[in-house]
Every structure is written in C-alpha cells, then in structure tokens.
1. Restricting attention to the range 22-50, which residues are in a loop (DSSP other than H, G, I, E, B) and either in contact with a strand residue (DSSP E or B) (Cβ under 7 Å, 6 or more places away or on another chain) or under 21 Å from HIS74 (Cβ atoms) (or both)?
2. Give the range 54-97 a look and list any residue that's out of contact with any helix residue (DSSP H, G or I) (no Cβ under 9 Å at 6 or more places or on another chain) and either hydroxyl-bearing (Ser, Thr, Tyr) or open to solvent by less than 40 Å² (accessible area, probe 1.4 Å) (or both), or say none.
3. Quick check on this structure: which one of ASP100, ASP146 is assigned to a loop (DSSP other than H, G, I, E, B) and open to solvent by 30 Å² or more (accessible area, probe 1.4 Å)?
4. Considering only residues that are assigned to a loop (DSSP other than H, G, I, E, B), open to solvent by less than 40 Å² (accessible area, probe 1.4 Å) and touching a residue at least 40 places away in the same chain (Cβ under 8 Å), look in the range 153-198 and name the one that is nearest to VAL229 (Cα to Cα).
5. Regarding the range 37-46, can at least one residue be identified that is open to solvent by less than 50 Å² (accessible area, probe 1.4 Å), closer than 20 Å to SER144 by Cα and aromatic (Phe, Trp, Tyr)?
6. Being open to solvent by 60 Å² or more (accessible area, probe 1.4 Å) and out of contact with any Ser or Thr (no Cβ under 9 Å at 6 or more places or on another chain) is the filter here; which residues of the range 116-130 pass it?
7. Find the residue count for the range 9-21, including only residues that are part of a loop (DSSP other than H, G, I, E, B) and open to solvent by less than 30 Å² (accessible area, probe 1.4 Å).
8. Can we say GLY61 is small (Gly, Ala, Ser), under 27 Å from LEU143 (Cβ atoms) and at pLDDT below 90?
Amino acid sequence: MNAQTKFNTNNIKAVMFGAIGVIAETSKLQFDAFNQAFKDTGLGWHWTRDAYLEMLTDPGGINRIEKYATSIGHQLEVGQAERVYNKKSQIFEELLASTDLQPRPGVAALIEQCKANSVKVAWVTTTTEQNIDAMKTALSSKLSFDDFEFILFDKHCKHKKPAPDIYIEAIKRLDEENQNAIAIEDSSSGVASVRAAQLQCLATPGDFGGKQDFSSADFLIDDLSLVHVSGDEESGICINTL
C-alpha cells in the first residue's frame, strides 16, 4: 500500500461528520445512561457490555429497548420504550455536562485543514437536537461549531439512518456532486446510510464498534489524525497509511 492513498481522483469539496460518536467518544456514557434509565424507570434491567455491543449492530435506541424486551419475554406498555429512551437521553445529557469530554483524535485538526483549503464541513446525524446541544456545550472550549456549514439532526429527515434521507438532504444543502463529498461514520448503520445515498464513506469505529460490519465502507481507520487535506486538486483528501 502506498504511503498516501487517495479516496478518488476528483477533488473533495465537502466532508460530512456523521454520528456524535464521530466527533467525540461517547459510547461508555451512552451505555451507562441506558442502565441508569432502566434503574430510574423501574425496569430493573442491566445490560452487560458484551450484550450492548451486540445490540449496536441494530440502529436506534428505542428499537434496541423493544428488541431486548421481546428477547426476554417482557411485555412493554404502549409508549414505554420511548419514555425509557427519553429518560436515557436526559441522563446522557447530564453525563456529558459532568464529563471532561474531548474531541476524538484528529477531529479538530481535520476541521481546521478543511476550512483552510475551502473544503465544506457539515455535521450530519440523526440524533436529537437536545443531544446536539449537549455535545456543543460539552465541547464548546475545544471545537468551534461555527465551522460547520450546518448541523442536521432527526428533525431534518423522515427516516433515520440507515435510511439515506439525512445524507440526501445534506448533499442538497451543500450543493455539491456526490463524487466530491465524503462522509465519516462510526457505526454500521451510519455506513449503510452513506452508501445508500451513493456517497463515499470513511469508517472510524469507536470504542464499542468492534462487533459491527464496516466492510462496505470505502476506507476503515481508527484514527482521523491519519486523514489530511491537501490544497492540490489532484490530491484532495489523502490517508497516510504508514
């Protein structure tokens, strides 16, 4: 493999960061929030880390709660899964506020390089606006969210990932051709969303991504510090593979 590998031969004009886990490692906080929500709502469940890793192969917190209930023969009340998930989201936001959250390695530098080379940057997720606001508050001293052209969340699409809706909307707003954009994702459902939108995809799994399938991504790396933006049109975005 060459020291540097181009994503494609065209100039990349837009980079889209996907889920909140692409921006900062939040997997453990999400996991803890679920278990605390089960306790606070009286369900009495406790997910192990291994069980949670398996659940992450399916997208959507409410969906995971409902599937787990079915697997153990627990009959949920109407709307109960949504109420538990809302409690989980509240706890997650509280954990974010009390944690010294840091951007994932390479995120800040990549955003800076994109801006310096007139490459558009967007944050394209299907989480809630409340989670986005909590992330922005937690990272306010580490990242400038004004660098994003826009931030999309669940209210900006009819169907969440792995459906392609949110990325189709993002490309429209960026006013760029598909071949000149790339999306960065940390989950198999996120990768599926990108590919369904016919975009290039860079996968960078988080700490809890070990059991997910990233084989359909164009590139798979652990560290975004390996991604570099060049001002040379023929180089575009490159990966240092050494």
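The values are calculated or read from the model by the stated rules, or taken from the named source; none is laboratory data. Keep in mind that what you see is a predicted model, and the values were worked out from it rather than measured. Because the Cβ atoms are built from the backbone with ideal geometry, glycine has one as well, and the counts that use them run over all protein chains shown. Each accessible area value is taken on the protein alone, full model and side chains, heavy atoms only, with ligands, DNA and RNA left out. Shrake-Rupley method; radii C 1.70, N 1.55, O 1.52, S 1.80 Å.
1. Once the filter is applied, which keeps residues that are in a loop (DSSP other than H, G, I, E, B) and either in contact with a strand residue (DSSP E or B) (Cβ under 7 Å, 6 or more places away or on another chain) or under 21 Å from HIS74 (Cβ atoms) (or both), the range 22-50 yields THR41, GLY42, LEU43, GLY44, TRP45, HIS46, TRP47, THR48.
2. THR70, SER71, GLY79
3. Exactly one of ASP100, ASP146 is assigned to a loop (DSSP other than H, G, I, E, B) and open to solvent by 30 Å² or more (accessible area, probe 1.4 Å), namely ASP100.
4. Of the range 153-198, the ones assigned to a loop (DSSP other than H, G, I, E, B) are 153, 157-164, 175-177, 186-187, 197-198.
Then keep just the ones that are open to solvent by less than 40 Å² (accessible area, probe 1.4 Å); that gives 153, 157, 161, 163-164, 176, 186-187, 197.
Imposing the further condition that a residue be touching a residue at least 40 places away in the same chain (Cβ under 8 Å) reduces the set to 161, 176, 186-187.
On the way: LYS161: 27, GLU176: 17, ASP186: 20, SER187: 23 Å.
Per the criteria, the residue is GLU176.
5. No, the conditions are met nowhere in the range 37-46.
6. Scanning the range 116-130 gives ALA116, SER118, GLU129.
7. 3
8. For GLY61, the condition - small (Gly, Ala, Ser), under 27 Å from LEU143 (Cβ atoms) and at pLDDT below 90 - is met.
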